[in-house]
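Take a look at the structure set out below.
The values are calculated or read from the model by the stated rules, or taken from the named source; none is laboratory data. Note that this is a predicted model, so its numbers are computed, not measured. Note that each Cβ is placed from the backbone with ideal geometry, even for glycine, and that neighbours are counted across all protein chains shown.
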Amino acid sequence: MGERKAPRPGRKKMMPQQTSDDAAAVGWPLQGRMEPELQDHIGRQLRAVYNEIVEEPVPDRFLKLLADLESKQNGTS
Amino acid sequence: MIAPSDPKAGMLAAIPKLRAFAISLCGRTAAADDLVQETLMRAWANLDSFEPGSNLVAWLYTILRNEFYSEFRKSKREVPDSDGEYAARLTSRPAQEGHMEFLDFRAALAKLAPDHREALVLVGASGLSYEDAAQICGCAVGTMKSRVNRARGKLAELLSEPTDARSVMSVGRGVTADAS
């Protein structure tokens with residue numbers, strides 16, 4: 001395993017042979033910086049950034065919108 | 001949970017995911033929630049064209065994406081210059097001696113080309129299949145796989161290289177060459 005520059009704090013040490021499922025699925029060519037460890041880190045970070053928003057409470061405006069749409073629909077039926 | 005035959009309940013449940021996709025397109029702006037609002041209204045009006053049992057989230061994402069590229073682009077309510085914004089935030093910090101800085105993940109994500117970032121958000125973040133993502137974006141499955149591949153490679157590159165005044169990643173914003 002080659003030397004890594006200044007590893008980021010808190011970065012887990014993983015088995016070099018570990019590959020993420022979707023990396024294997026596309027026949028991920030391993031070259032240079034595309035090590036499995038970094039790709040797994042990317043996958044985790046992607047989901048973390050996404051999930052942070054997904055876990056936010058639904059803004060009232062959308063609840064109101066759906067309720068309005070529903071009642072308008074019922075009103076005209 | 002959600003009955004498969006109840007797309008309305010499905011729409012409510014999908015709002016957090018819609019917000020996440022909208023924010024990935026528009027940034028954390030009012031435009032993102034406006035986009036979600038517009039999407040919900042369109043979806044509601046077109047519920048009869050939704051095929052029951054098919055992937056509701058993928059269907060909603062398609063509407064959202066089309067709305068973004070048609071209306072929101074036209075009215076110039078686009079993605080804020082997140083690329084320049086992040087680069088400026090980085091280069092304005094004083095470089096400390098011996099301290100290597102790396103782009104944080106969000107900054108690196110913001111630097112990707114829009115279609116690459118979108119591919120990663122759909123496949124890597126929201127967990128859609130390549131097929132669903134390709135359909136949403138109106139491209140071939142092979143194209144989607146290739147975008148995801150390239151996006152991951154570019155991200156890896158951006159995250160691995162330390163940022164300094166001489167870095168080629170800096171957007172030309174008058175970076176002062178006083179680092180190390």
Going through region A:44-58 one residue at a time, which ones are farther than 20 Å from B:Thr29 by Cα and facing chain B (nearest Cβ under 7 Å)?
-> A:Gln45, A:Arg47
Taking region B:91-119 as the search range and keeping residues that are of a type in the set (D, E, K, R) and modelled with pLDDT under 50, which one is surrounded by the fewest Cβ atoms within 10 Å (Cβ to Cβ)?
-> B:Glu97
Within region B:26-57, tally of residues that are modelled with pLDDT under 95, within 22 Å of B:Glu131 (Cβ to Cβ) and within 12 Å of another protein chain (Cβ to nearest Cβ) | 0
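Could you say whether any residue in region B:130-138 is β-branched (Val, Ile, Thr), within 23 Å of B:Glu67 (Cβ to Cβ) and over 12 Å from the mean Cα position of the chain (by Cα)?
Pass one, region B:130-138, residues β-branched (Val, Ile, Thr): B:136.
Those left that are additionally within 23 Å of B:Glu67 (Cβ to Cβ): B:136.
Cutting the leftovers down to over 12 Å from the mean Cα position of the chain (by Cα) gives us B:136.
So far as region B:130-138 goes, yes, one or more of its residues are β-branched (Val, Ile, Thr), within 23 Å of B:Glu67 (Cβ to Cβ) and over 12 Å from the mean Cα position of the chain (by Cα).
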Look at B:Ala165 and say whether it is at pLDDT 95 or above and small (Gly, Ala, Ser).
-> no
